Amino acid sequence: MYAISLGDDGAELRPLEPWRAEEFLAHIDRGREFIGQHNALPDVVTDLESSRAFLQAYAEKAAADAGRIHGIWADGTLVGAVIFRTMDVAQGTAEAGCWLEPSAVGRGLVTRAVRVIIDWAVEERGIHRVEWWVSAGNAPSIAVARRLGMTRDGVLRESYLYRGRRHDEEIWSVLAPQWRAGKRARRTG
């Protein structure tokens with residue numbers, strides 16, 4: 001197995017595979033209420049069986065080159081994840097996403113981890129457009145999109161029914177040429 005360093009603080013990005021279902025469930029349990037503010041994952045992953053099934057679905061997406069999931073570890077503990085919820089290599093599009101448990105918030109972990117997966121998607125898989133779909137009320141996730149150099153494409157008004165209430169969703173994106181230009185600017189800046 002491999003781990004990718006996310007910086008000097010020891011945080012790492014690693015594949016999140018079905019054999020980690022127990023660790024994944026413990027992570028979701030620690031952050032269930034916090035993660036569930038904007039993300040339905042805590043409603044899906046409720047026990048060991050559903051945890052394993054969720055990770056297995058992503059293993060199958062990875063095998064089909066249609067999605068990916070990587071965990072974020074800090075101080076040896078799984079504290080969050082970044083995903084390509086969808087990935088269409090033929091069309092050159094992917095939708096990235098993320099979540100963290102409360103103990104990991106405010107350290108830049110998501111921004112650093114998403115940079116790694118976007119860079120991989122653009123440079124290794126030829127993805128041209130990476131999207132970021134976010135509840136309009138999720139200010140921290142919108143801030144990540146901005147830090148990643150994404151552009152807000154628009155708002156889908158009341159498009160997401162979540163826990164009995166309709167939410168607006170914002171769609172942000174970055175195109176491969178923008179991503180490469182931003183990467184060059186970070187290296188020279």
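Among the residues of the range 132-143, those identified as open to solvent by 60 Å² or more (accessible area, probe 1.4 Å) and in a helix (DSSP H, G or I) are Ala139, Pro140. Are any residues in the range 69-100 charged (D, E, K, R) and open to solvent by 50 Å² or more (accessible area, probe 1.4 Å), and if so, which ones? Asp75, Arg85, Asp88 - these are the residues of the range 69-100 that are charged (D, E, K, R) and open to solvent by 50 Å² or more (accessible area, probe 1.4 Å). Does Ile4 satisfy the condition of being under 29 Å from Arg125 (Cα atoms), open to solvent by 30 Å² or more (accessible area, probe 1.4 Å), among the β-branched types (Val, Ile, Thr) and in contact (Cβ under 8 Å) with a residue 60 or more places away in the chain? When the stated conditions are applied, Ile4 passes them.
Here His167 passes the criteria (1) assigned to a strand (DSSP E or B); (2) within 16 Å of Ile127 (Cα to Cα); (3) not hydrophobic (A, V, I, L, M, F, W, C) except the one numbered (2). Scanning the range 143-189 for residues that are polar (S, T, N, Q) and in contact with a helix residue (DSSP H, G or I) (Cβ under 8 Å, 6 or more places away or on another chain) yields one hit, Thr151. The set of residues from the range 81-114 being of a type in the set (Val, Ile, Thr) and at pLDDT 95 or above comprises Val82, Ile83, Thr86, Val89, Thr93, Val110, Thr111, Val114. Does the range 22-37 contain at least one residue that is within 23 Å of Ala139 (Cα to Cα), polar (S, T, N, Q), at pLDDT below 95 and out of contact with any Phe, Trp or Tyr (no Cβ under 9 Å at 6 or more places or on another chain)? Yes: one or more hits.
You will find that of Arg146, Arg157, the residue that is open to solvent by 50 Å² or more (accessible area, probe 1.4 Å), more than 18 Å from Ala81 (Cα to Cα), of a type in the set (D, E, K, R) and outside any helix (DSSP H, G or I) is Arg157 and no other.
Is one or more of the residues making up the range 10-23 open to solvent by 10 Å² or more (accessible area, probe 1.4 Å), within 22 Å of Glu169 (Cβ to Cβ) and of a type outside the set (S, T, N, Q)? Checked the range 10-23: no residue is open to solvent by 10 Å² or more (accessible area, probe 1.4 Å), within 22 Å of Glu169 (Cβ to Cβ) and of a type outside the set (S, T, N, Q).
Check the range 149-158 and report whether any residue there is within 23 Å of Asp29 (Cα to Cα) and small (Gly, Ala, Ser). No. For Arg180, the requirement of being charged (D, E, K, R) and either assigned to a helix (DSSP H, G or I) or at positive phi (or both) is met. Residues of the range 117-131 that are part of a helix (DSSP H, G or I) and surrounded by 17 or more Cβ atoms within 10 Å (Cβ to Cβ): Ile117, Ile118, Ala121, Val122. Scanning the range 163-182 for residues that are over 19 Å from the mean Cα position of the chain (by Cα) and either open to solvent by less than 50 Å² (accessible area, probe 1.4 Å) or over 29 Å from Ala40 (Cβ atoms) (or both) gives His167, Pro177, Gln178, Arg180, Ala181, Gly182.
Checking the structure you have, find out if any residue of the range 123-135 is under 25 Å from Asp9 (Cα atoms) and not hydrophobic (A, V, I, L, M, F, W, C). No, the range 123-135 has no match at all.
The values are calculated or read from the model by the stated rules, or taken from the named source; none is laboratory data. No experiment lies behind these values; they were computed from the predicted model shown. Every residue, glycine among them, receives a Cβ derived from its backbone with ideal geometry; neighbour counts consider all protein chains shown. Calculation scope for accessible area: heavy atoms of the full protein, side chains included, ligands and nucleic acids excluded. Shrake-Rupley method; radii C 1.70, N 1.55, O 1.52, S 1.80 Å.
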